[in-house]
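Read the structure below first, then the notes.
The values are calculated or read from the model by the stated rules, or taken from the named source; none is laboratory data. Just so you know, these numbers come straight off a predicted model, no measurement behind them. So basically every Cβ, Gly included, is an ideal-geometry build from the backbone, and we count neighbours across all protein chains shown. Ligands, DNA and RNA are stripped out before the accessible areas are found, and what is left, the full protein with its side chains, is counted by its heavy atoms. Shrake-Rupley method; radii C 1.70, N 1.55, O 1.52, S 1.80 Å.
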Amino acid sequence: MTNNYELYKVFYWAAKTGSLSQAAKSLYLTQPSVSHAIKQLEESLGLTLFYRTSKGVTLTQEGTVLYSYIEQSQMLISLAEEKMSALKNLDSGELRIGGSDSLFKHYLLPYLERFHRTYPGIRLHLNHGTTPEIITFLKEGRIDMGVVRMPIVDPQLAVKESLQLQDCFVAGAAFSGLKDRVITLEELLEHPIILFSRNSRARMAITELFRGYGYKIKPGIEVGSVDLLIEFARKGLGLSYVAKEFIAKELEDGSLFEIRLDVQLPPSHVGIMTLRSVPLSGSASKFLELIQ
């Protein structure tokens, strides 16, 4: 049996055109099919919706009331179809990404700029936070994807590696006596250490590394951003632990130098995190393609 939506669509076009033949033409149906659909609708409502005349059809009082509602619904459906087309063509919509300020600034910014130039109609929403917060944002549906340091072990999440970072200790001119020397972890700990806040992956990784060598790393200063790690080191407040990729400019201009250690600091990896059970929006899929 024809569903009610199809019956109402036939009713709408018959009322709009005032002609069963014109309605049939608009809907690519035969005129008998249109007549049958209107009869079905009238029977299901128990009301007469049209007067049949030699020139076509006109609405009854009841039909006029029904048309006032159906017209609105058809307008909304048309708007919805236009919206879906715009989303498909990436003319509108939004891209919601979670990550740390440092990853947005030092890693994602060039990709975000390129994406915005290509799809200016897509609104960008960037939510910053720690890795646990980003995971929560993703599971709550507040973001489409998260950019975080790995490893991430969670069966609900799909994570694709996208970037390798090499963390290192750096210092400014105030510690020039350490430049071009190879020092031990014990010697390093004789100097003031500046680390990122406790709940960061970088902080947990360096804490575990030192513990593995039998040392406890205790920072003199804790900060909440990579920019402060860099600035505090430049100002001579201590030795900062930061990704080398984030300080290329400072290393090149000599305002910072890398502390050389007698042990190898392992690289870390950045991953793009999505929910396994939720299909990506068109904008999120395009952004993933751009990064990879």
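Would you confirm whether any residue within region 183-196 is outside any helix (DSSP H, G or I) and under 26 Å from Leu112 (Cα atoms)?
Yes: one or more hits.
I'd like the residue in region 220-241 that is assigned to a strand (DSSP E or B) and open to solvent by 30 Å² or more (accessible area, probe 1.4 Å) and, out of all such residues, is farthest from Arg201 (Cα to Cα).
Checked region 220-241; the qualifying residue farthest from Arg201 (Cα to Cα) is Ile221.
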Say whether the condition of being over 30 Å from Phe11 (Cα atoms), at pLDDT 90 or above and aromatic (Phe, Trp, Tyr) is met by at least one residue in region 115-124. yes
Those residues of region 116-139 which are free of Cβ contacts under 8 Å to residues at least 24 places away in the same chain and under 21 Å from Ser200 (Cα atoms) amount to Thr136
Residues being open to solvent by less than 50 Å² (accessible area, probe 1.4 Å), touching a strand residue (DSSP E or B) at 6+ places or on another chain (Cβ under 7 Å) and at pLDDT below 95: count how many of those fall in region 243-259. 2
For region 87-98, does any single residue satisfy the condition of being in a helix (DSSP H, G or I) and surrounded by fewer than 20 Cβ atoms within 10 Å (Cβ to Cβ)? yes
Consider only pairs whose beta carbons are under 9 Å apart and that are at least six residues apart or on different chains; among these, list those whose first residue lies in region 104-115 and is within 18 Å of Ala243 (Cα to Cα) and of a type in the set (Phe, Trp, Tyr) and whose second residue is in a helix (DSSP H, G or I) and open to solvent by less than 70 Å² (accessible area, probe 1.4 Å). Phe104/Leu112; Tyr107/Phe246
Counted residues in region 157-201 being of a type in the set (Val, Ile, Thr) and either more than 30 Å from Pro132 (Cβ to Cβ) or surrounded by fewer than 17 Cβ atoms within 10 Å (Cβ to Cβ) (or both) come to 3
In the set Leu124, Leu90, Leu27, which member is among the hydrophobic types (A, V, I, L, M, F, W, C) and farther than 27 Å from Leu163 by Cα? Leu27
Residues of region 202-217 satisfying the condition of being of a type outside the set (Ser, Thr, Tyr) and either surrounded by 15 or more Cβ atoms within 10 Å (Cβ to Cβ) or at pLDDT 90 or above (or both): Ala202, Arg203, Ala205, Ile206, Glu208, Leu209, Phe210, Arg211, Gly212, Gly214, Lys216, Ile217
Select from region 147-171 the residues that are part of a loop (DSSP other than H, G, I, E, B), touching a residue at least 12 places away in the same chain (Cβ under 8 Å) and aliphatic (A, V, I, L, M) and list them in ascending order. Met150, Ile152
Yes or no: region 250-268 includes at least one residue that is part of a loop (DSSP other than H, G, I, E, B), of a type in the set (A, V, I, L, M), over 30 Å from Tyr111 (Cβ atoms) and more than 35 Å from the chain's Cα centre (by Cα). yes
